[in-house]
1. Keeping to the stretch 1-28, report how many residues are open to solvent by 20 Å² or more (accessible area, probe 1.4 Å), at pLDDT 95 or above and within 30 Å of GLN105 (Cβ to Cβ).
2. Within the stretch 132-156, can you find the residues that are within 16 Å of the chain's Cα centre (by Cα), in a helix (DSSP H, G or I) and modelled with pLDDT of 90 or more?
3. Pull up the stretch 160-183, narrow it to residues that are assigned to a helix (DSSP H, G or I) and open to solvent by 60 Å² or more (accessible area, probe 1.4 Å), then point me to the one that is nearest to TYR117 (Cα to Cα).
4. Looking at LYS163, is it without any contact (Cβ under 8 Å) to a residue 12 or more places away in the chain, basic (Lys, Arg) and under 24 Å from ALA26 (Cα atoms)?
5. Say we look at the stretch 94-131 and pick out the residues that are modelled with pLDDT under 95 and small (Gly, Ala, Ser); which of these is nearest to SER28 (Cα to Cα)?
6. Can you pull out the residues in the stretch 117-131 that are among the β-branched types (Val, Ile, Thr) and either farther than 18 Å from GLN18 by Cα or in a helix (DSSP H, G or I) (or both)?
7. List pairs: first in the stretch 88-113 and of a type in the set (Ser, Thr, Tyr), second open to solvent by less than 60 Å² (accessible area, probe 1.4 Å) and outside any helix (DSSP H, G or I), Cβ under 7 Å, 6+ apart or cross-chain?
8. Given TYR34, TYR40, which one is more than 14 Å from the chain's Cα centre (by Cα), among the hydroxyl-bearing types (Ser, Thr, Tyr) and either surrounded by 12 or more Cβ atoms within 10 Å (Cβ to Cβ) or over 26 Å from MET93 (Cβ atoms) (or both)?
Amino acid sequence: MWEIEVKVRAKNLEDIAQKLSEAGCALSAPLHQYDTIYSYGESTSEWETSKEGHIVMRIRRENDRAEFNLKQQRSNELDNLEYETEVNDPQAMQKILLTLGYRPQVEVKKVRRKTKYGEYEICLDEVERLGAFVEIEKLAEDDADPKEAQEELMKTLESLGLKREDQEMRGYDTQIFQLEHRI
């Protein structure tokens, strides 16, 4: 199984929240997420070009808990093998990553509200420095066609009033890295 997602810039998250509510979806309370994303050594290629096999690691602090996450890119930046686990001591996890040669490259701060919409998870995100986004994701079988799955996800977002031309193919970490480095 792996995670496939679609991300779209949103003009008004409250309109989307209302449509989700009308569809019977209950949004979570706002989650304050602070991510530190690491890459190996001084590598920055993970944020300069999208390439199958790229690995990034993340420590996410969310309200009063933390988790460690590893993503390995498959067909594109929003199609990843993903592994995550809760960590009791994020400072110790950071020391482990530093000892293994990984370095912090990007910080992402956002406020997220989540809901289930059928088999999908939808997130309404306010991302510091980037703006508002709606993200939809699903877990796919190993033999699933990622392009087909992303098309299915995009059609679901269009049914909520979002536009295909507002689709964003880069992760928040990539967008922030490229913003900071003017790529």
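1. Total meeting the criteria: 2.
2. LEU153, MET154
3. If we take residues in the stretch 160-183 being assigned to a helix (DSSP H, G or I) and open to solvent by 60 Å² or more (accessible area, probe 1.4 Å), then ARG164 is nearest to TYR117 (Cα to Cα).
4. So LYS163 does not fit the description; no.
5. So, considering only residues that are modelled with pLDDT under 95 and small (Gly, Ala, Ser), the one nearest to SER28 (Cα to Cα) is GLY118.
6. Scanning the stretch 117-131 gives a single hit, VAL127.
7. Correct list of pairs: TYR102/TYR38; TYR102/SER39; TYR102/MET57.
8. Matching residue, one of TYR34, TYR40: TYR40.
The values are calculated or read from the model by the stated rules, or taken from the named source; none is laboratory data. Every value quoted in this text rests on a predicted model; they were computed, and no experiment measured them. Every residue, glycine as well, gets a Cβ built from its backbone with ideal geometry; the counts of neighbours run over all protein chains shown. Just the protein is used for accessible areas: all its heavy atoms, side chains included, with ligands, DNA and RNA removed. Shrake-Rupley method; radii C 1.70, N 1.55, O 1.52, S 1.80 Å.
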